Structures are given as structure tokens and as C-alpha cells.
Amino acid sequence: RPSASGHPAPTGSSICPRSTRAITSAPSSSSNAPRTSPLCCTLMAIPVVLFNITPYNEIDRTAQSLVYIFEGNRHALPLIFRMIDIEVAGTTQSGTLFRLNSAASKMLTAYSSMIGLKYVFDTLSVEMHDLLVGTAGGEITAEVDPTKVNPNDDNVDLSVNKYELMLHAQKILSAILRSIDKVPPPMRQICQHLRDEVEPRFPDAVHTCVGGFFFLRFWNVIILSPENYGLAKSPPSQASRRVLVLITKILQNLANNVVFGEKEQFMVQPNDF
């Protein structure tokens, strides 16, 4: 279908938020937003309505299904842009942006996990293998919660465990930082769109929103469940999973630019990190 200028309207994995204003009340402020066909713009209304009637326990599966369907027609990225626009426009406090289990948050996780599998393997396969083997065999002990260790075990030293935990958190973080040039282009576009949409309304929340996507919605999900993303052949042992949980706590606080406090007193030790 031709555009107003007489040229064919572009199609593919991009969208012009201005063309969807008739569908929702959440216009985009991104000046770099790409375009898509009028039909795709109309289809963008379907997920918005669908999520409003989806039970809470079905949100994950609904988000994943919609991402797969739209990606099959090369429209998953425009859909995610639209959901980001709606979330930002409907939020009054920056602290709640993408923090709840919203449609945008669920779609960000589903889409990035779908397109980022090779990137994930290339980035963390070695570090994850070494960590899982070491924790499963007892060679790595990184528990810092005194309530989760045997007080009568003379071999347990929480001060030593603290440095063990920070060491492996640093290895994983360093691997991620070294991989920045390999981040899939669609994920870069999402980060750019997040910045373009959040900055005009919540300028102080730009870094936490982008960091929240990259760490909370992407890397932390993968680190917690390496068996689901090709980083482990079987589910990690209980000891291994515990270390992974502690590492994701550290990475998320780094992304949020906050330190641990009274809520998790035992995690105050790695604040040095």
C-alpha cells in the first residue's frame, strides 16, 4: 500500500509509533522509530487487548506465543517497541518502570532469549561450565548467608566465601562486558528505544531501565536457568543454583546502582564489589 508520498510503505521488523496513535493512547517520542505497514499497525492492537484479559498465570506463555507469531512475520520488534511505548506512557513513577510482571517485561524476556542463544553460548559457555563443575564438586563454596551453612563445620569461612562469590561474579560480568560488540542488533535497537522513550519523561531512570532489560530480563534469566539456554546439559545442583542466585543478585544491584542493605543483611559483604 503506498504512503502519502506515493512510495510503497516499508514493511519488516520496524514500526512508526506515530501511525499507531489511533490504536492506543501511548504515542512514541522516538525520532528514529522505523516504519511498518498499516496492516501491522492494526495488528498491534491485538496484543494490547489480549494482555488485558489474560490471567496472571498465563502471561508468560501468552507473551512467548505472541513473540513467536509476530517474529514469524518479522513484526516482533515493532510489537515490543509498541508495548514499551505503552508502559512508559502509563507509568507515573520511574521506580515501577518494567519492574512489574507487565506485558512489556515478559515480551522483552521472551524475545531477547529467542534471538540471543548463539550470543549467550559464545559469551558465557566457558565461565558457566567452570562454575557449575566447581560448585557441584564442592571445589567452589560461595555461600555468604550464615543461616545456610553448618555452624559446626570448621571448613566454612564466610569471609573467604565472600571473595569466592565476588571472584565468580567478576568472571561472569567481565565476560558480558567483553561481549558488548557481539550483542545482537535487535537487542541494541531495544536498548536505544528504551532510552528514547524513557529519557523525556524520566531522565534519571534511563540507565536503570536499559540495565534492567539487559541484566534482569536477559542475562539474569539465563544465568539462573543455564540448562534452558544451552549452557548446561542438565539442571544445576542445589549448591550450583544457590551460587547462581547470589551472582544474579549482585549483577542486578549493579544495574540498579544500589547497594545491599538491611533487607538482605548477609549480602552487605559483597557491597565492596
From the P(r) of the stretch 169-229, can you give the percent of Cα pairs sitting at distances over 15 Å?
58 percent
Shape parameters for the stretch 131-196, alpha-carbon atoms, Rg then Dmax in Å
17.9, 55
Solvent-accessible surface ranking, highest first, for Lys182, Lys106 at 1.4 angstrom
Lys182, Lys106
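Could you calculate, for the stretch 63-203, the ratio of the Cα radius of gyration to the Kirkwood radius, expressed as Rg to Rh?
Numbers: Rg = 19.9 Å, Rh = 18.1 Å.
Rounded to two decimals, Rg/Rh equals 1.10.
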Using a cut-off of 12 Å between alpha-carbon atoms, which aspartates and glutamates can reach Lys162, once sequence neighbours fewer than 8 places away in the same chain are excluded?
Glu143, Asp145, Asp272
Local charge sum around Ser112 (other residues, Cβ-Cβ under 13 Å, Lys/Arg +1, Asp/Glu -1)?
+3
Below 13 angstrom from the Cβ of Pro203, what's the summed charge of the other residues (Lys, Arg +1; Asp, Glu -1)?
-2
Which distance in Å, rounded to a whole number, links the C-alpha centroids of the stretch 221-269 and the stretch 64-128?
20 Å
Distance-filtered residues of the stretch 217-258 - backbone nitrogen under 16 Å, label point 7 angstrom along Lys118 Cα→Cβ
230
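The values are calculated or read from the model by the stated rules, or taken from the named source; none is laboratory data. Here the structure is a predicted model, which means the values were calculated and not measured. Note that we place each Cβ from the backbone using ideal geometry, even for glycine, and neighbour counts take in every protein chain shown. Surface accessibility is based on the protein's heavy atoms, side chains included, excluding ligands, DNA and RNA. Shrake-Rupley method; radii C 1.70, N 1.55, O 1.52, S 1.80 Å.
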